[in-house]
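Just so you know, all these numbers are worked out from the coordinates, no wet-lab data involved. Just so it is clear, the model here is predicted, and its values are computed rather than measured. Note: ideal-geometry Cβ built from the backbone for every residue, glycine included; neighbour counts use all protein chains shown.
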Amino acid sequence: MHTTHRLGARMTAPNPTSSADGDTGPDSGADAYTAPRTVLLTGAAGGLGTVLRASLPGYGYRLRSTDIVPVPGDPDALLVDLRDQDAVREAVRGVDAVVHLGGLSLENTFDRILDVNIRGTQHLYEAARQEGVRRVVFASSSHTVGYTPRPAKPTEDLPVLTPYRPDTFYGLSKCFGESLAQLYADRFGVSTVSIRIGSCFPEPTSYRMLATWLSAADAGRLFHAALGAPDVHHTVVYGTSANTRGWWDLAPARALGYRPQDDAEPYAAALIAARGEPAPGSAEYEYLGGAFTEMTAPDR
Ligand code: NAI
Ligand code: 15L
């Protein structure tokens, strides 16, 4: 199945980022990818949404912001609940691509995770299929692999093919999202870059973030690369800055064209002086997911 958006510059360069088992889905082959111009943002009022609303227009995208709450500074933003399939489809109509950030971004009850992150993400993909959207950039998370033991050395470059080891129902919902993306690529030709985002905050605030930090500027670079890369079927990449103490293999993200410029290291000395290093046996010492391995749902 091929879709019809043809706005913007044609991009025909070969892309080495297709899934490891080969680009054999319905969208492989002749139909050259056209870089998107109009991009729907779910979760636009959130932390990362605020970062990308500031940076993506600078790369030439026109944004359509949506959230379940008003988006500060954007009177044109649409109030859309991801649990409402019809509303999601209406919001998606006419855009070239979707950046899917909306949902519960921390641990919660299984029922809430099911409704918002799992069903809501399926609504989004179904809308993308129905409306002929060719590219989704899915905000996955490192908590898909949060129970993976922390590497002894900081630079082992754990691969994307590390087995799923979610540390929460939240992480599990991101494993679901990645698999859903694969299904919609294989069956319907909706292409996705699933970004396992590390920690996108103004600056690193914990020892763990010296490895997982994604600066705001690098987030813009990475999401731009994910939107524009041609010939992606479904690819999973880790999303961090070029952290000296990083754990994850950034080669798949670099293959999309991502060139991180920031590093958490300048924050290291002050952070360690203030907080020390994690003790053996603690969640932060033992697991990639750190405190998420001990996180429980809020009462309400
Ligand atoms: P956030 O919690 O600040 O933003 C999420 C947004 O989703 C909120 O504005 C919220 O109102 C909206 N939302 C919640 N329920 C909704 C519903 N039913 N319908 C529509 N919108 C709804 O989270 P943040 O930090 O901006 O993260 C954005 C995305 O990136 C999330 O999917 C999160 O899981 C993912 N992510 C973020 C990381 C980070 O470091 N910020 C790290 C890894 C993943
Ligand atoms: C995530 O997946 C969360 O959405 C975000 O709020 C951070 O906690 C981040 O992971 C992290 O691991 O720092």
- [ ] Just report the Cα centroid separation between the stretch 245-300 and the stretch 118-157, whole Å.
- [x] 18
Task: Mean separation of Cα contacts under 8 Å, 6 or more apart, over the residue count of the chain: relative contact order % - done: 21
Open item on the list: Counting only helical runs of four or more DSSP H residues, what would the 222 nm mean residue ellipticity of the chain come to if each run contributes -39,500 (n - 2.57) and the total is spread over all its residues?
Closed with: -8000 deg cm²/dmol
TODO: Taking only the C-alpha atoms, wrap a convex hull around the chain and report its volume per residue in Å³ as a whole number.
DONE: 127
Task: Cβ crowding within 10 Å averaged over residues, with 188-200, 255-267 ranked highest first - done: 188-200, 255-267
- [ ] Take every DSSP beta bridge with both residues inside the chain and express the antiparallel ones as a percent of the total, to the nearest 5.
- [x] 5
- [ ] Measure nothing but the geometry: give the 0 to 90° angle between the long axis through the Cα atoms of 216-228 and the longest principal axis through the Cα atoms of the chain, rounded to 10°.
- [x] 40
Open item on the list: As I understand it, the value is the acute angle between the Cα axis of helix 169-188 and the longest principal axis of the Cα atoms of the chain; what does it come to in degrees, rounded to 10?
Closed with: 30
